[in-house]
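Notes to accompany the following structure.
The values are calculated or read from the model by the stated rules, or taken from the named source; none is laboratory data. Keep in mind it's a predicted model, so treat the numbers as computed, not measured. In this analysis, Cβ positions are derived from the backbone assuming ideal geometry, glycine residues included, and neighbour counts consider all displayed protein chains.
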Amino acid sequence: MSAPRPQPGILEITPYVGGASKVAGVENVIKLSSNENPSGPSPRAVEALKASAAELHRYPSTDHASLRQALGAHHGLDPARIFCGVGSDEVLMLLCQAYAGPGDEVIYSEYGFSLYPICALSVGAVPVAAKETERTVDVDQILSKVTSRTKIVFVANPNNPTGTMIGDEAIARLIAGLPEDVLIVLDGAYAEFVDGFDGGASFVEKHANVVMTRTFSKLYGLGGLRVGWGYGSADIIGVLNRIRQPFNLSAPALAAAEAALGDTEWVAETLAENVRLRTWLADALDKVGVPSDPSHANFILARFKDAAEAAACDAFLRQHGLIVRPMGSYNLNHTLRITIGTEDACIRVAETVATFKAQGA
């Protein structure tokens, strides 16, 4: 008996699984598995969200004009070339929907965000992974994978889950080495954690085939509302606006995002705390034999001697109410990604890992 069949590639997708938030039999756990801001959202964002409740019977803006104007003013960008989506995930998905299809190829780095191959497969395209060097994007490896079928190249900078990043010189070399009809997506979900970094906006201004994506889910603490945005040429933004849902972002989400963007004092305070604790935790773990690459995000990727030790440490942390993220799905079986939490959370992680290592010595 025949049945409806999905488009090619869809059944090859391994569904994305978010970071765990519960441990059976353990109460009062600390979740450090999803790179969330431990301080939560800006109080201004919370107030804006509450204020929007009285208007829930109204449809939201279809053009996101107020948020786009605020983003443009904040980042020095043209609001007309800003696109708002349901998290940056929707922007990434729509870019694949618009610019790739069956038989095309989509390149991403070996340890790049796992949504990239999902986006490619969802439109019938072939995901192509390019090797990294020391857990860092390698431009030469990406360029070596380019064929006449290449339509999109994704680069997360800084990258999740490694926390590493490449500089403007490397990005410029990548752009120069790609055909002008290949779309280059610079995913800047963690750009706010890098001092003085524009996330790739300057490259968008110079090249019609470059798009930058950003999110309110990380530093701004609005993961639960799903607000992201992209910046590109007028032509690309016009294409995305043709295929997105007309009311893709709710009015409360739009209001909270705009308020969060304006609370620069809160952003500066939480960012400074993340940088301080990130350095502290990396140093503390390194002292007990658990190294990590210098991170440019709100997490570190802790490396263990092998997959067995990483799994054992993960289990030990969970027993003590600490949930981190094993990276086996990225073929980084010997690592654990640890979100930078509060000071107390970081101290607990450091002490618990130290105890684990001492027991195994």
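For the range 271-287, state whether one or more residues are at pLDDT 95 or above, in contact with a helix residue (DSSP H, G or I) (Cβ under 8 Å, 6 or more places away or on another chain) and within 23 Å of Ala73 (Cβ to Cβ). For the range 271-287, residues at pLDDT 95 or above, in contact with a helix residue (DSSP H, G or I) (Cβ under 8 Å, 6 or more places away or on another chain) and within 23 Å of Ala73 (Cβ to Cβ): present. Could you go through the range 26-36 and let me know if any residue there is farther than 26 Å from Val275 by Cα and in the same structural domain as Ala272 (by TED's automatic domain parsing). There is at least one residue in the range 26-36 that is farther than 26 Å from Val275 by Cα and in the same structural domain as Ala272 (by TED's automatic domain parsing). Within the range 208-267, restricting attention to residues that are of a type in the set (Ser, Thr, Tyr) and touching a strand residue (DSSP E or B) at 6+ places or on another chain (Cβ under 6 Å), the residue that is farthest from Ser42 (Cα to Cα) is Tyr231.
Among the residues of this structure, Pro60 does not count as one that is modelled with pLDDT of 80 or more, over 28 Å from Leu277 (Cα atoms) and outside the structural domain of Thr215 (by TED's automatic domain parsing). Among the candidates Val139, Val128, the residue that is in contact with a helix residue (DSSP H, G or I) (Cβ under 7 Å, 6 or more places away or on another chain), over 30 Å from Ala272 (Cβ atoms) and among the β-branched types (Val, Ile, Thr) is uniquely Val139. Mind listing just one residue for me: the one in the range 250-268 that is in contact (Cβ under 8 Å) with a residue 12 or more places away in the chain and among the acidic types (Asp, Glu) and, of those, nearest to Leu32 (Cα to Cα)? Per the stated criteria, the residue is Asp263. Looking at the range 297-310, which of its residues are closer than 19 Å to Arg135 by Cβ and either part of a helix (DSSP H, G or I) or in contact with a helix residue (DSSP H, G or I) (Cβ under 6 Å, 6 or more places away or on another chain) (or both)? Within the range 297-310, Ala297, Asn298, Ile300, Ala302, Phe304, Ala307, Glu309, Ala310 meet the criteria. One residue stands out among those in the range 336-361 that are touching a Phe, Trp or Tyr at 6+ places or on another chain (Cβ under 7 Å) and within 19 Å of Pro294 (Cα to Cα): the one that is surrounded by the most Cβ atoms within 10 Å (Cβ to Cβ), which is Ile338.
With the structure loaded, tell me whether Ser233 is polar (S, T, N, Q) and under 23 Å from Thr136 (Cα atoms) or whether it fails that test.
no
Tallying residues that are in a loop (DSSP other than H, G, I, E, B), surrounded by 11 or more Cβ atoms within 10 Å (Cβ to Cβ) and modelled with pLDDT of 80 or more within the range 1-56 yields 15.
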